[in-house]
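The values are calculated or read from the model by the stated rules, or taken from the named source; none is laboratory data. This is a predicted model, so every value here is computed, not measured. Cβ placement follows ideal geometry from the backbone for every residue including glycine, while neighbour counts extend to all protein chains displayed.
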Amino acid sequence: MKIVTVASQKGGSGKTTLARSIAVAGTAYRYTIALVDTDPQGSLTDWWNRRGRETPALVRQNDDVVTLLGQLRRAGEGIVVVDTPPSVHGFVQSVIDLSDLVLVPVRPSPDDLAAVKATLRLLDGQPWAFVLTQVKARTRLVQEAARVLAQAGDIVPVQITDRVEYAMSAASGLGVTESEPRGAAAAEIHLLLSYVLRRLQGSARAGVG
């Protein structure tokens, strides 16, 4: 299985939203998807419990997440999506080192841009990309954030807009591609998933299926 990790040392950047949205969208395309929640707050686990469905699967984490991810990688074809905590935990570096792709969500704000450096220090040599999240409009601030991030690395070519659909779907244990499959939020997630799949196809690790 390929491992996609959503990581940022800044809280509130939208990691859990990205993780569950990618997983739900991928399941609809008949990919085998497993979710791993490494955040002690357990927001992804709470969402999955509200969901009441078996897919995407939530793999219960023991104390050794590195061993767990190694077992999942050897389990066969598919994708593991890992949600990580915002604060510094020793295992986050190990999770990133095992990843085939790391998505770094960033809100277009001065505070979030300043906090990016802490995350980038964890990404030495790993495939990764920024995702602009909670974008309110195509304002000058958003344009400046995109310019600054582009100087540091790749940016996913779709912005995740600050839409109420993300919160409403989460409250019901759904993804936006399920609650409003023809909506603008769903379109964003489909584009994000397409980007992720293209990047994973270029990875040298185990295949996606």
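Data overview
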quantity: Among the residues listed as Ala19, Ala7, the single one being in contact (Cβ under 8 Å) with a residue 24 or more places away in the chain, in contact with a Ser or Thr (Cβ under 8 Å, 6 or more places away or on another chain), among the aliphatic types (A, V, I, L, M) and crowded, with 22+ Cβ neighbours inside 10 Å; calculated: Ala7
quantity: Given (1) more than 24 Å from Tyr29 (Cβ to Cβ); (2) assigned to a helix (DSSP H, G or I); (3) among the aliphatic types (A, V, I, L, M), index of the condition Leu72 fails; calculated: (1)
quantity: Residue selected from the range 105-122 under the condition in a helix (DSSP H, G or I) and of a type in the set (Gly, Ala, Ser), by the criterion surrounded by the most Cβ atoms within 10 Å (Cβ to Cβ); calculated: Ala115
quantity: Single residue of the range 99-115 satisfying the filter (among the aliphatic types (A, V, I, L, M) and touching a residue at least 40 places away in the same chain (Cβ under 8 Å)) that is farthest from Arg138 (Cα to Cα); calculated: Leu101
quantity: Residue check for Lys117: of a type in the set (Lys, Arg), closer than 30 Å to Asp63 by Cβ and over 18 Å from the mean Cα position of the chain (by Cα); calculated: yes
quantity: When residues of the range 132-146 are limited to those that are outside any helix (DSSP H, G or I) and farther than 12 Å from Pro105 by Cα, the one farthest from the chain's Cα centre (by Cα); calculated: Thr139
quantity: Criterion violated by Val95 - all others in (1) more than 30 Å from Glu144 (Cβ to Cβ); (2) surrounded by fewer than 15 Cβ atoms within 10 Å (Cβ to Cβ) satisfied; calculated: (2)
quantity: Residue match in the range 195-203 (condition: modelled with pLDDT of 95 or more and buried (at least 21 other Cβ atoms within 10 Å of the Cβ)); calculated: yes
quantity: Index of the failed condition, Ser13 passing every other in (1) in a helix (DSSP H, G or I); (2) crowded, with 20+ Cβ neighbours inside 10 Å; (3) polar (S, T, N, Q); calculated: (1)
quantity: Test for Val102: is it at pLDDT 95 or above, surrounded by 18 or more Cβ atoms within 10 Å (Cβ to Cβ), of a type in the set (A, V, I, L, M, F, W, C) and not in a loop (DSSP other than H, G, I, E, B); calculated: yes
quantity: Selection from the range 75-99 of residues that are charged (D, E, K, R) and part of a helix (DSSP H, G or I); calculated: Asp97
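A quick yes/no check of all residues on (1) out of contact with any Phe, Trp or Tyr (no Cβ under 9 Å at 6 or more places or on another chain); (2) of a type in the set (A, V, I, L, M); (3) closer than 18 Å to Pro40 by Cβ:
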position	(1), (2), (3)
Leu69	yes, yes, yes
Ile79	no, yes, no
Gly90	yes, no, yes
Ser94	yes, no, yes
Ala115	yes, yes, no
